[in-house]
Amino acid sequence: MDQFKIIKYPLSTEKSIRLMESENKLIFVVGNKTTKKEIKKAIEEMFKVEVASVNTFVNANGEKRAYVKFAAKNPAIDIATKMGLM
């Protein structure tokens, strides 16, 4: 599966910035049919990083979000900087 169909775009809200700083996490909007394993694999391939865990959440609008926690050796802020969020 194409990693750009899995990961639609990163969220840069106040909450996502707080999570990035405190818990080394980034939030991505993802395809509704994707699994946690697919999301983890896509993120690892796209950014050449190690993912510690993935949690998903579907909001009231039916938009699926992935909360991606990175390994300690990969600071989320560096990845956000690469994407132009910071």
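Amide hydrogen proximity for THR56: with H placed 1.01 Å from N in the peptide plane, the residues at 5 or more positions away or on another chain lying under 5 Å are TYR67.
Under 5 Å between amide hydrogens, built in the peptide plane, is the criterion, and for GLU50 it picks out ALA71 among residues at least 5 positions away or on other chains. For the range 25-77, the tally of Lys pairs with Cα-Cα distances below 18 Å comes to 25, considering only residues 8 or more apart or on different chains. Membrane-span-like helices in the chain (whole DSSP H runs, Cα extent of at least 15 Å along the helix axis, mean Kyte-Doolittle hydropathy of at least -1.0): 36-47.
Under a 5 Å amide H to amide H cut-off, with H placed in plane at 1.01 Å, what residues pair with LYS8 once short-range neighbours are removed? Hits under the 5 Å cutoff: VAL29, VAL30, GLY31. Remark: the range 25-32, residue by residue, has Karplus-estimated 3J(HN,Hα) of 10, 10, 10, 10, 8, 10, x, 5 Hz, where x stands for each Gly or Pro and the curve is 6.51 cos²θ - 1.76 cosθ + 1.60 at θ = phi - 60°.
Got a sec? Charge dipole of the chain, +1 on Cβ for Lys and Arg, -1 for Asp and Glu; which of THR13, GLY62, THR81 is way out at the positive end? The residue sitting farthest along the positive end of the dipole is GLY62.
A short reminder: the numbers here are calculations on the coordinates, not readings from a lab. Keep in mind that what you see is a predicted model, and the values were worked out from it rather than measured. FYI the Cβ positions are ideal-geometry reconstructions off the backbone, even for glycines, and counts take in every protein chain you see.
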